[in-house]
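Single-structure report; data block below.
Since every read-out is calculated from the coordinates, none of them should be taken as a lab result. The structure presented is a predicted model; accordingly, all values stated were derived computationally and were not measured. Quick reminder, even Gly has a Cβ in these numbers, built from the backbone with ideal geometry, and neighbours come from all protein chains shown.
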Amino acid sequence: MTKAESLMTVVSTKGQVILPKSIRQHRHWAAGTRLVVEETPEGVLLKAAPLFATTRPEDVYGSLPYQGPPKTLEDMDASIVAEAKRRHARD
């Protein structure tokens with residue numbers, strides 16, 4: 001769909017609006033997609049809702065305290081491999 005194209009829809013008696021298929025496909029909005037509705041000076045803006053709430057590092061820093069020496073990348077890689085093997089073995 002080009003920017004110059006204009007599509008029409010109708011507001012139902014329940015206040016529902018059907019988005020044209022071409023827009024839903026272009027945006028990858030499947031049934032059940034949550035949308036944020038914002039009123040702007042130009043009209044109404046629809047955009048996909050974020051999957052997770054926005055967080056900042058200071059919001060979560062220290063939420064999982066660790067006591068002990070820092071882990072190396074090799075230690076972390078070895079732990080990941082060990083856990084993957086453990087999970088695979090139980091299936």
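Structure values in brief
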quantity: The chain - percent relative contact order, Cα under 8 Å, separation 6 or more; calculated: 12
quantity: Count of Lys pairs (Cα-Cα under 28 Å; at least 8 positions apart or interchain) in the chain; calculated: 5
quantity: Max mean-square fluctuation residue, GNM over the chain, Cα-Cα springs under 10 Å, options LEU73, LEU64, LEU19; calculated: LEU73
quantity: On Cα atoms only, tilt of 73-90 relative to the major axis of the chain in degrees; calculated: 80
quantity: The chain: trypsin sites (Lys or Arg not before Pro) falling in loop per DSSP and having at most 12 other Cβ within 10 Å; calculated: LYS3, LYS14, ARG34, LYS71
quantity: Rg and Dmax [Cα atoms of the chain; Å; Rg one decimal, Dmax integer]; calculated: 23.4, 64
quantity: For LEU19, residues with placed amide H under 5 Å, excluding near neighbours; calculated: none
quantity: At R0 = 41 Å, FRET efficiency that the Cβ-Cβ distance of MET8 and LEU51 yields, to 0.05; calculated: 0.85
quantity: Per-residue ³J(HN,Hα) for the range 18-35, Karplus 6.51 cos²θ - 1.76 cosθ + 1.60, θ = phi - 60°, Hz, x for Gly and Pro; calculated: 9, 7, x, 4, 4, 6, 4, 5, 4, 8, 6, 9, 8, 4, x, 5, 7, 10
